[in-house]
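The values are calculated or read from the model by the stated rules, or taken from the named source; none is laboratory data. A quick note: this is a predicted structure, and the numbers were derived from the prediction, not measured. As a convention, Cβ positions derive from the backbone with ideal geometry for all residues, glycine included, and neighbour counts pool all protein chains shown. Surface accessibility is based on the protein's heavy atoms, side chains included, excluding ligands, DNA and RNA. Shrake-Rupley method; radii C 1.70, N 1.55, O 1.52, S 1.80 Å.
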Amino acid sequence: MSVLDIQAKKRQLTVGYRLVEERAPTSMHAAYFVMEAVLTGKWFDMVDGAPQQFVGSKRFQGIGKTTRDAKFKSAESALVKLKSMMPGIAYTPGVIPENWMKWVRSNFARGVPEYKLCSMLTTKGFHPARNSGLMQHLIASAELKKELERDEEFMGMNLGHDGDGIVVDTLEAYLDNKLRMGFDGAVLVEVMASFGFPPEKNPSLIQRLRRNEVSAGSQLAPAAIIEAKRPRCRDFFQACEEGSLFEVKLYLHAGMPADASEEVVGGTRRTGLMLAAQNGNLKICRALLRAGAPPSHADTLGRTALHLAASKGHVEVIKLLVHDFEADVHVIDGQHNTPLHLAAKHAQRDAVHELMCIEEDYTRQVLTEKLPVNDSYKLSELIKQAWEHFPPVKLHKSLKPRFYKDWLFEAVWWTFDKFDVNKRRYVTEPNQRILEYVLERFDPDPDAGFFSGKRGEEVWTNTIEMLEHLEVLVHACIRCAACHQVNKLVRTAVHEACFENIVDSHGPTIDCMVNLHGCNMLFKDMYGNRAYDELVIARNRPGTPSGTSLREQLLTEGRDELIEARAKEEAEKERLATMKRRDETLRQAIFDGLELDRSGWEMVRSVSQPKHKLPPYQVYVDPDSGNQIFCRMAVTTAAEMKELQASQGGGLGADTGGDEENKKTPEEERLEQLEKAERKKARAKKRKAKRKRSMLAGQQALEFQSKFGGGNANALPPPVPSAVEAASDDDESDGSDSDSDSDSDSD
């Protein structure tokens, strides 16, 4: 049984025993017990000629006269079955005997895919993923095979033993690249020999490969190519870090756990998913997540793959983790930093924008109840339950039921605890500072409350009078907490960006958070510093502020004055350039002016200033050149027509030399019609005024007779128009008669 426990532990299996049957004694046999050994864990079976992996249990029974004997028999049966099904359990994980190595090489030479070979080894109980030599051999062989399929002359030599052994540049570059990637030179020698490379024809190359040395020509390459790295053998984690999808998939087929971790520099253990997310290898992340790698797994610093992707600004990896595999955007590390904190700290503006959009979208769906946070109740129902729960618990029965504002933080936490565990990732945990900010800014009824206590010692107690007001405050807490989560230093993401700013290095990130997403700049950290204070605080680093607000203000004013002076210089240069262009345009216009058409001259006249009249012309002056422009006057009124006639030495009909000379022009006819219309309008106006005066006089006469008539000798006659009014009436009538006589045809 101890041997079975050891072998099961190697295979990550759990062993259990149970009594299946107890057979009563008979006349022929004594009592017997049937025990069953149950092995639970990950198994590999062949299904339709292909290895399949499943998690389950397998049972092995044993019979004995006692339960102890039956246990031994069941354990022995399990060991025999395991050894027959999985011969690899007899070896240390990662050790593959030579006969199985030959089996792998021979099957690969016959064309069996490398991933299928790894899966077969796994079903037999081996751990090929832990054998670096085998994995490097399979990877290098598969890649060299692809190169030869693409170019038969890739190795550039006769693969038979009669060749001269000269290595071409393509093969030399291939070998140097593999050595830099961490492949063992001895493995590369075996791979080349399997493809027919004659090692005895080029002993210097073989010796160099066995010493893991690159070629002399490669040593002269740029430093960026041969940068110094710590010695490291090519493995699964290096493939995840560098983005080799083929190698990662092969390791997964070879039984490498998707959540396997290694110790990196600094003693931090990180999984392959973390390394891939940190380097932005989207395809590697997707393959590992589909293989079962948990996105919530954290390293020794408490940072998940989402933390690392956000700190490097890999937006596509963030979308993959959050949208496709439901990673928690509010997860915190050892210092209570969220992914948003790290993205803001490292000035990753796009990552900050994406994370804040995700948080705002979650918050919007929760508040509108499109995203349920509890399988049994809606958010509004949970708030109503809190409204009904606290007064009976907090107050004495003799007191009037009220909801005190001092309970608000408790009520928000009570509501948050009612969320389903898997739904809490959509909402940020509330904190006291957010609550104080919400009460200060979003309280719908800040004056609600009552006085309590003895007379002269009354104390004002703030209350929430309506359920709707409690809903407003809870919604505001959830909404404001989404983008204002704090770390151990009580700093928000805006604090982190402002603290790490060096010569406006974090300007776009701060602008995105404050102006685009409305983050509050007035929150204070545990030292009482606002985000703006972090910008000017002294940090004793090059490029950081001096630490005094007055000095920073003076420097800012100096920069503003310098910018204003430079702006004036640029404006003056632009003005001089504009004047130069205008002078050139005017000089060109002098030559082109005689060729202008009527529309061109009309445009010139519209931008010129009128100076004086010289009938029949109007004189204009060009403000730029000072040139005078003569334009014929446009006649629109009778006065302008008379002025034009006077300037021409007489009326339009002064000459009566003949019918052609007495014939009126269209302009004269139009002017005459205008004059007739004006006279007609004036006559109508005068007649209307005269009728109004006569009606007024008759009305006054009637009133006088009704008041003073009936034999009253002292009654005076009604007032009559004065001489001036009569004269004006006569003049008006004479004018009207004369107009009517002269315009009888038109009337």
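Please report the spacing between the Cα centers of region 327-349 and region 423-483 in Å, no decimals.
28 Å
Using modelled backbone amide H atoms (1.01 Å from N, in-plane), which distant-in-sequence or interchain residues come within less than 5 Å of Y17's amide H?
Result for Y17 returns V38.
Treating cross-link reach as a plain straight distance, find the lysines whose alpha-carbon is under 28 Å from the alpha-carbon of K611, omitting any fewer than eight places away in the same chain.
Answer for K611, where 28 Å is the Cα cut-off: K580, K642, listed by chain and number.
Under the Karplus relation 6.51 cos²θ - 1.76 cosθ + 1.60, θ = phi - 60°, what is the ordered set of whole-Hz ³J(HN,Hα) values for region 108-120, x standing for Gly and Pro?
Each residue's phi maps through the Karplus curve to give 5, 5, 7, x, 6, x, 5, 5, 5, 4, 5, 5, 5 Hz.
Filter the cross-link list K394/K418; K249/K345; K454/K524; K345/K524; K613/K685; K145/K283 down to pairs whose alpha-carbon distance in this structure exceeds 28 Å.
K249/K345; K454/K524; K613/K685
Report the extension gain between N462 and L674 in nm, rounded to one decimal, defined as 0.36 nm multiplied by the number of residues separating them, less their alpha carbon distance.
Additional length available on full extension: 68.2 nm.
Using packing as a proxy for protection, rank 432-441, 350-359 so that the peptide with the highest average count of other Cβ atoms within 10 Å comes first.
Final packing ranking: 350-359, 432-441.
Could you sort 378-386, 392-400, 270-278, 469-477 so that the peptide with the highest average Cβ count within 10 Å comes first and the rest follow in order?
Those peptides, ordered most packed to least, come out 270-278, 469-477, 378-386, 392-400.
Given the Cα-Cα distance of K384 and V3 and 0.36 nm per residue of separation, how much length would full extension add, in nm?
Fully extending the segment from K384 to V3 adds 131.0 nm.
In nm, give the distance between the simple-model label positions of R693 and L245, each being 7 Å from the Cα along the Cα-to-Cβ direction.
With each label point 7 Å from Cα toward Cβ, the separation is 10.4 nm.
Suppose all protein chains stay in the model; what accessible area per residue would a 1.4 Å probe give for region 324-388, in Å²?
Counting only protein heavy atoms, the per-residue value for region 324-388 is 47 Å².
Between L614 and E703, take the C-beta separation as r, use R0 = 51 Å, and let me know the FRET efficiency to the nearest 0.05.
0.25
Once you place label points 7 Å from the Cα toward the Cβ at I63 and E21, how far apart are they in nm?
0.8 nm
Give the lysines reachable from K42 as a straight Cα distance under 17 Å; neighbours fewer than 8 places away on the same chain don't count.
Within the straight-line limit of under 17 Å, K42 reaches these lysines: K9, K10, K58, K81, K83, K124.
Tell me the label-point distance for the pair A109, V393, using the 7 Å Cα-to-Cβ offset, in nm and rounded to one decimal.
7.6 nm
How many angstrom lie between the Cα centre of region 492-527 and the Cα centre of region 80-103?
When both Cα centres are located, 59 Å separates them.
Assuming 0.36 nm per residue, please report the length gained on full extension of the stretch T556 to R455 beyond their Cα-Cα distance.
Contour length minus Cα-Cα distance gives 30.7 nm.
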